[in-house]
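A short write-up of the structure that comes next.
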Amino acid sequence: MTAAPQPEPTQRPARAPRQPRPGPVAPPMDLDALIADPETRIVVCCGAGGVGKTTTSAALALAAAEAGRTVVVLTIDPARRLAQSLGLVELDNEPRRVDIPGGAATGATGQLHAMMLDMKRTFDDIVAAHSTPERAQQILENPFYQALSSSFAGTQEYMAMEKLGQLRASEQWDLIVVDTPPSRSALDFLDAPNRMSRFLDGTMIRLLMAPSRAGFKFASAGFLLFSRIVSKILGGQLLRDISAFVAALDTMFGGFRERATATYELLRRPGTWFVVVATPEPDALREASYFVDRLSAEGMPLAGLVLNRTHPPATTALSATRADGAAEEVLEAGGPGAELAAAALRVHAERMQLAAREQHLADRFTSAHPEVAVRTVPAAAGDVHDLDGLRSMGEELTGPDGDTPTGTPRSRVLPARRR
């Protein structure tokens, strides 16, 4: 008895190759229009440390001056790179005029000034301006004040806010560009006024102020008990220095809060724009994401993200895979110049892989913040150390969106995949 024939297995239709999903497309950022707009009065460049905020700030300030604005750029970078880039020997707490070669020849009517925040001098000026000469002398000579004004956590960020308020109140410049401090967290700049207020309202400060406010007899029992406990922790001399400092500073506390509130509100008004700067690295973009969320929560105006030091390839017509394959074929074929041609193809493949990685990170940011405009800035061949370097960076920041060697929009590192 023969076995019944088995039915032939049905063949499943071959699956169509999976098409790559198109990445998110960020809106373009028109920094050229933003800095040329007379309604724009303050531009704050912020982000994690080491992402190029200082050069971005200086390049935008130079571009604005060459567009006819009267600009001052305030840097908090102690490395003095900005002074060198602007052709100055040094920068200090007062604005210095920057000579722009060729400005008259091009018809530019703007002016550029630059300054570097001196944290202690700014604090000293506040003390002198808001107290009597005798009281100011007491404060300035107090050891605790000298430590506070030089190294207290958050003082640099707070003084940057103070200096910004002073520059804006002077009405001397129609555009102020601020390079925020190189804090470990980019949020420190926005948190500085509240941190200073919390310090001034802290339990220790209020107890130390009790004798000067309510009279020593009224507060003596609680204060003496408190002082004995704290003296064991801090040391008697430090406690006396702090107490004398607080007593001398008491009349200025309201002024600190008022100015902090006024400057914070200044950052929320029309005419102020925040430019978040990051590099195509996970930590820097994570910090940028936190900052964007905070600005949104506070209702502060965000111009967009500058993705600095990207590595776009010279051409996007040849993929990394095809370049690697072509390198192998060239070596197998041999002939004069084969090794050189293969090396060039492999360099291109590596550049394409790096650009793809950077674009992937940028896409993740855009997926989380689809409304945030993006401007990519290619990495310079070397350090930006003069006005020409700043001008070249300014052109990358403000150039037309599609005016690139490969035609890739300046909002991207690589072209968007077709849908």
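The values are calculated or read from the model by the stated rules, or taken from the named source; none is laboratory data. Values in this document were obtained by computation on a predicted structure and should not be read as measured data. Cβ coordinates were reconstructed from backbone atoms using ideal geometry, including for glycine residues, and neighbour counts include every protein chain displayed.
Name the residues in segment 35-57 that are small (G, A, S) and not in a loop (DSSP other than H, G, I, E, B), would you? Full working, then the answer.
Going through segment 35-57, the residues small (G, A, S) turn out to be 36, 47-50, 52, 57.
Answer for segment 35-57, where residues must be small (G, A, S) and not in a loop (DSSP other than H, G, I, E, B): A36, S57.
Identify, from the list A368, A416, A362, A356, the residue that is farther than 30 Å from A83 by Cα, more than 20 Å from the chain's Cα centre (by Cα) and modelled with pLDDT of 95 or more.
On the way: A368 fails: more than 20 Å from the chain's Cα centre (by Cα); A416 fails: modelled with pLDDT of 95 or more; A362 fails: more than 20 Å from the chain's Cα centre (by Cα).
After applying the criteria, what remains is A356.
Filter segment 374-402 down to the residues that are of a type in the set (A, V, I, L, M) and either touching a helix residue (DSSP H, G or I) at 6+ places or on another chain (Cβ under 9 Å) or under 13 Å from A63 (Cβ atoms) (or both) and list them by number.
As a first pass, look at segment 374-402 and keep what is of a type in the set (A, V, I, L, M): 374, 377, 379-381, 384, 387, 390, 393, 397.
Selection gives V374, V377, A380, V384, L387, L390, M393, L397.
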Inset, instruction - Just name the residue that is farthest from G50 (Cα to Cα) out of those in segment 299-314 that are in a strand (DSSP E or B) and not hydrophobic (A, V, I, L, M, F, W, C). - result: G304
Inset, instruction - Tell me, yes or no, whether segment 337-352 has at least one residue that is part of a helix (DSSP H, G or I), acidic (D, E), in contact with a strand residue (DSSP E or B) (Cβ under 7 Å, 6 or more places away or on another chain) and at pLDDT 95 or above. - result: no
Legend entry - Criterion: among the hydroxyl-bearing types (S, T, Y) and outside any loop (DSSP other than H, G, I, E, B) - qualifying residue of T321, T404: T321
Inset, instruction - Considering (1) at pLDDT below 95; (2) under 30 Å from S170 (Cβ atoms), say which one Q6 fails and leave the rest. - result: (2)
Inset, instruction - Could you list, in sequence order, all residues of segment 389-411 that are of a type in the set (D, E) and at pLDDT 90 or above? - result: E395, E396, D401
